[in-house]
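Quick one: the structure is below, and I'll ask about it shortly.
Bear in mind that the values in this text are calculations on the coordinates, not laboratory data. In this text the structure is predicted, and so the values were computed from the model without any measurement. For neighbour counting, all protein chains shown are included, and Cβ atoms are generated from backbone atoms with ideal geometry for every residue, glycine included.
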Amino acid sequence: MHWDGFTAIERDVRAMVADPRWAALPVPARAQAMARRALMTPDGACWLFGAHARWYRLDRVDGRWHLSAPPGSPVVRSAARPPHTAMGIPHLLIPAGPDFAVERGSTQAFVGPDVPEGVTERIRALVVAHRRRHRDDFPLPESCFRDVFAADVPGTVAAVWGTIMWCAYAPAFDGNEVLLSLFGEFLARPLPGDDWVRWLPPVPLDALVTLYTERMLARPGEAGARLAGRMAGLVTETATALRADPRFRPRADALLAMAGPAAARPWLDEPAARAGAVRQAWLARCPPHLVMATLAETSPGEHFRHTLYDLVEALGHVAATGADPRAVAASLLAADVAVVSPGVVAALYPWLDDEMRRSLYVALTDPAHPLRGCWPASGELPAALLPSGRDEAAALLGAAYATGLAWCRLTGTAPPPRGFPVSSAVVACLMHQRDDAVPELSVTDEFDDQSSSGWLFHR
C-alpha cells in the first residue's frame, strides 16, 4: 500500500478536530496545529485540509487560499510532504468544530435513481390535503411561482413545490418522475426541459419566506399569525418528508431549523416581518453545522466554489486513466460557459485558484489544447469521461447541473431552459439505465380547464 499524504492528513485533522479539547484551544494554537498539517505537492503547490472539512490550495499568484478539491493522481498524492517552512493560516480556514459535522448528502440529480416511493406518497398526501385551501386565505403571491402555476392555484401548493425545489441539490428531474406528476394539473405552462429531463431552476429562499410573511402582514393580529403558521407548517411538513432522500436531506434539515420555530410559534417573526427582515431571521436560526446548505443564499461565490469542488469529486473516476479531475472539471465548466454566456468568464476567475484558472482559460481560448477533448461532441461525453455506472452518472449529472446553476447565479445569467451542454451530455449515459415507469395520471375537475399534465411524460 502506497503512502497517500492527502488521505493521511485528512484522517489526522478529522481526529484532531473531533477531540473535545479542540474547541477550547486558543485560535493561535489551533492555527499552529493546522500549519503543521499542511502539504506540498511536487509542483510546489501548498494544500490545507481546513474549514468545512474540505481542501484549500494556496494560490501562487494572489497569495490567497482557495477552496479546491485535491489532486486525484496517486503519484502526486503519494509524493505530497509537509512544507519546509511554516505557513500562516487564515483564521477563516481553521476548523471550528461544528463545520466538520456537516452532512453533504448526495450530488445525484433526479434522473436514473427515482425519488423513493415513500417520499412521493407523503408529498402526494400533502398536495391532496392542501390543494383546495381557500385562495382568499392562501393566494399565490407575486413571485417566481407566478411563472410556474396557473393564477387560481392556492399558495399552499406553491409552498410544497417551492420546498421541493429549494431542498433539491440539483433540480434536474426525469421527465417521467412521479413527484413532478403530482403538480401537472396546476402548472400554467410546460416545465423547461427536453424530451427526457426537466431542467428546473432553484427556488430562492425569498420565495418561501414571502409565502409565510405575506400571510402574516395581510391580516392583523392572531388571524394573520394563524395563516402564516399554517404556511410555515406546510413548509416544514414537506421538508420532513424529503429528508428520506439524501439529495434533499442537508437543505431540508436547514429549512426545518429555519422554518420550524415559525411553525411552532407563528407570531415569532412578526417584528421581523414588519421590518422586512424575515429572511435574515430565518438564516440566523440556521445552526453552524447546516450553514453550508444556505451558501447559495448568503454567498453565491462560495457556493460556486463548493459545487465546482463537488464536480471534481464526481469526476474522480477519470484519474484511473491518467487524467486530472481538476483540469477536466475546468474544461467542462469552460464548455458550458462557452455556449451559454462566454462573456461572464471574467467574473469566475477570481473564485478559482491559479491552476484551475489557467485550465479554464486555455480550454476557452485554445481550440487545439488537449482539454478541448473533454468537451461534449454531438451531445455525448468523450468515452474517457463516461462514468462506470448509473449512480456515478447521476452524481456527475447532479454536480454538473449544480455547478451550472451556481455560476449562473453568481453572474446573473439566466440558466438555459434546455439544460447546459455538459449536463445534457451526461443524460445520454443514463437513458438506457432508467428504472422509472410512466405513472397513472389523474386530473381533478377544478383544474381540468387549465392544462393536461400529459406533456410531462415522454417515452
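How much length would be gained if the chain were fully extended between ARG122 and ALA264, taking 0.36 nm per residue of separation minus their Cα-Cα distance, in nm to one decimal?
Numbers: separation 142, 0.36 × 142 = 51.12 nm, distance 2.07 nm.
My answer for the length gained is 49.1 nm.
State to the nearest 20 debye the size of the charge dipole of the stretch 117-294 about its Cα centre, where the only charges are +1 on K and R beta carbons and -1 on D and E beta carbons. Could you put the intermediate results ahead of the total?
Numbers: 21 positive and 20 negative charges, 101 e Å.
It comes to approximately 480 debye.
Run the simple label-point estimate for HIS432 and ALA129 please: 7 Å along Cα→C-beta, distance reported in nm.
Reported label-point gap for HIS432 and ALA129 is 4.4 nm.
Using only the alpha carbon atoms of the stretch 5-100, find the Kirkwood hydrodynamic radius as the inverse mean reciprocal pair distance, in angstroms to one decimal.
Numbers: mean 1/r = 0.0742 Å⁻¹.
Evaluated over the stretch 5-100, this radius sits at 13.5 Å.
Percent relative contact order of the chain, based on C-alpha pairs within less than 8 angstrom and at least six residues apart?
On the way: 767 pairs, mean separation 87.5, N = 459.
This gives 19 percent for the chain.
Here's another thing I want to ask about it. Can you compute 3J(HN,Hα) from phi for each residue in the stretch 350-366, using the Karplus curve 6.51 cos²θ - 1.76 cosθ + 1.60 with θ = phi - 60°, rounded to whole Hz and x for Gly and Pro?
x, 8, 10, 6, 4, 5, 5, 4, 5, 5, 4, 5, 5, 5, 7, 9, 10
Mind listing the long-range amide H neighbours of VAL197? Cut-off is under 5 Å, sequence gap 5 or more, other chains count too, H placed in the peptide plane at 1.01 Å from N.
The answer is GLY175.
Amide H to amide H, which residues 5 or more places from SER299 or on other chains are under 5 Å from it, using H placed in the peptide plane?
Sorted by chain and number, the residues that satisfy this come to none at all.
For the charge dipole of the stretch 117-294, defined by +1 on Lys and Arg C-beta atoms and -1 on Asp and Glu C-beta atoms about the Cα centroid, which residue among CYS286, THR120, PRO192 has the Cα displaced farthest towards the positive pole?
Ranked along the dipole, the leading option is CYS286.
If neighbour count is taken as other Cβ atoms inside 10 Å, put TYR349, TYR169, TYR309 in order from fewest to most. Don't jump to the answer; show the numbers that get you there.
Numbers: TYR349 13, TYR169 27, TYR309 21.
Lowest count first: TYR349, TYR309, TYR169.
Could you work out the relative contact order of the stretch 1-143? I mean the mean sequence separation of Cα pairs under 8 Å and 6+ apart, divided by the number of residues, in percent.
Numbers: 144 pairs, mean separation 36.4, N = 143.
Worked out over the stretch 1-143, it gives 25 percent.
When only Cα pairs under 8 Å and 6 or more residues apart are kept, what is the percent relative contact order across the stretch 299-433? Spell out each step's value before the answer.
Details: 159 pairs, mean separation 44.5, N = 135.
That works out to 33 percent.
Moving on. In bins 5 Å wide, starting from 0, what share of all Cα pairs of the stretch 299-433 does each bin hold, as a percent?
2, 11, 23, 27, 22, 12, 4, 1
With runs of 4+ DSSP H residues as the only contributors, calculate the mean residue ellipticity of the chain at 222 nm using -39,500 (n - 2.57) per run, divided by the residue total and rounded to the nearest 500. Kindly include the intermediate steps, with their values, before the conclusion.
Details: 18 runs with 204 residues, N = 459.
Estimated from H runs of four or more residues: -13500 deg cm²/dmol.
Applying the Karplus parametrisation 6.51 cos²θ - 1.76 cosθ + 1.60 with θ = phi - 60° to the phi angles of the stretch 153-161, what ³J(HN,Hα) value in whole Hz is obtained for each residue in order, glycine and proline being reported as x?
My calculation for the stretch 153-161 gives 7, x, x, 5, 5, 4, 5, 5, 4 Hz in order.
Gain in length, ASP136 to LEU25, computed as 0.36 nm per residue apart minus the alpha-carbon separation, to one decimal in nm? Walk me through the intermediate numbers first.
Working: separation 111, 0.36 × 111 = 39.96 nm, distance 5.63 nm.
Answer, rounded to one decimal: 34.3 nm.
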